[in-house]
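The values are calculated or read from the model by the stated rules, or taken from the named source; none is laboratory data. Just so it is clear, the structure is predicted and the values come from calculations on it, not from any experiment. Cβ sites come from the backbone with ideal geometry, for glycine too, and all protein chains shown count toward neighbours. Accessible surface is based on the protein model in full, side chains and every heavy atom, while ligands, DNA and RNA are left aside. Shrake-Rupley method; radii C 1.70, N 1.55, O 1.52, S 1.80 Å.
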Amino acid sequence: MSPESQLHRVVLLPGDGIGPEVTAAVKRVFAAAGAPVEWEEHAVGLVALAAGGELLSEETIEAIRRVKVALKGPITTPVGEGHASVNVTLRKRLNLYAAVRPVRSFTGVTTRFEGLDLVIIRENTEGLYSGVENQVTDGVVMSMKVATELACTRISRWAFRFATRRRRRKITVFHKANIMKMSDGLFLRCARKIHQEEYPNIEYQETIIDAGCMKLVQDPTQFDVLLLENLYGDVVSDLCAGQVGGLGVVPGANFGDDLAVFEAVHGSAPDIAGQGLANPLALLMSGVMMLNHLAETRDDPRCRASSDRIKAAYDRALSEGQKTRDLGGTLGTEAFVDALIERMPRV
Ligand code: ATP
């Protein structure tokens, strides 16, 4: 167990757009909850570039390798042109192959379905995110979808182990192996093998992604853990976010073998950046996942205690109607954080 004074160092990447606002909010809430964390801040993204640095410096990558845990704000990715995604580069460079996105309903946030509680597990390193694109000839381009047995097996094993540890009952793989017979076919074969040979007690299902999306819209409560390759995981994450109130309430974590980077599912939201309107909950919930990870990996009960306090505070704030505008409320970022801290159980 850690001595009372010891703090866990965490790399903090505020990022672009609403990133600095939601990061500042998380720092305030962590301080109020007495979370035993010290931040090592690094600029990334357009903010770093504007300050004369690089989008993603080697120093930042090395810092995450050294510290092993990071909390990351969103980083803007230009559409259709410009630099490669810093988010994707970071995941690949650090081999953060498993993305986990818990999606759950909240009392006080009215949506079509109540009691939704599912987890998305997304392969994070290959698929159409290989970034291998080329112009074959004028007016013809190709994008390469990469699938390897190593990565498909690794993410499948990770998903089944996660389901077992978290007492989840069922894994559903979303795929399009009727069309992409080789790449998605390989993903399915790897998932089936891990299920049959290592985790036969977890229920296993497959659904073609188009039908799966229809089912998710009709009744998402029929699902438990979803396992998807990279692009499908990206799209289905936002779809599921829409079922529980939007991108403001869905956290995420990216795991490698010994590294973890926690980040919200949402992007940098340039349309509301700098206006004090952003919902900080998604990054705060990612921070709660990070505290739970520290509690488990560093065997420090103070992390679990502060994570419980933060969770109790936002559950209570939401159930009492204290909400930002994306959830139908009226509060700005700061006022929401004030409301949350007022409702935090005392240390
Ligand atoms: P990216 O390409 O980086 O994934 P995106 O295109 O998915 O980004 P987002 O930045 O995630 O776009 O924003 C999508 C919409 O959701 C925008 O209208 C944005 O304002 C809203 N949004 C995203 N995050 C939040 C938040 N934390 N609080 C309030 N609104 C948000």
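Worth a mention:
- Accessible surface calculations at 1.4 Å, restricted to protein heavy atoms, place the stretch 267-347 at 43 Å² per residue.
- The chain - share of DSSP beta bridges that are antiparallel (%, nearest 5): 40
- Electrostatic dipole magnitude of the chain [Cβ: Lys, Arg +1; Asp, Glu -1; Cα centre; debye, to 20]: 1100
- Kirkwood's formula applied to the C-alpha pairs of the stretch 213-281 gives a hydrodynamic radius of 13.8 angstrom.
- Of all DSSP-defined beta bridges confined to the stretch 112-243, some 30% are antiparallel rather than parallel.
- Considering only Glu126, Glu81, Glu54, the Gaussian network model of the chain with Cα springs below 10 Å gives its largest mean-square fluctuation to Glu81.
- Accessible surface, the stretch 112-243, averaged per residue in Å² (probe 1.4 Å): 51
- Our estimate of slack between Gln6 and Arg325, defined as 0.36 nm per intervening residue step minus the Cα-Cα distance, is 111.1 nm.
- GNM result for the chain, Cα springs below 10 Å: residue of Val67, Val140, Val261 fluctuating most strongly: Val140
- Here's the picture: a label point sits 7 Å out from the Cα of Leu231 along the beta-carbon direction, and within the stretch 126-144 the residues with their amide nitrogen under 14 Å of it are 126-134, 141-144.
- Positive-end extreme of charge dipole, the chain - chosen from Met214, Leu71, Ala312 (charges on Cβ): Ala312
- Ala31 paired with Ala51, simple spin-label distance in nm, labels 7 Å along Cα-to-beta-carbon: 1.8
- Carbon + sulfur, % of accessible area of the chain - ligands and nucleic acids excluded, 1.4 Å: 52
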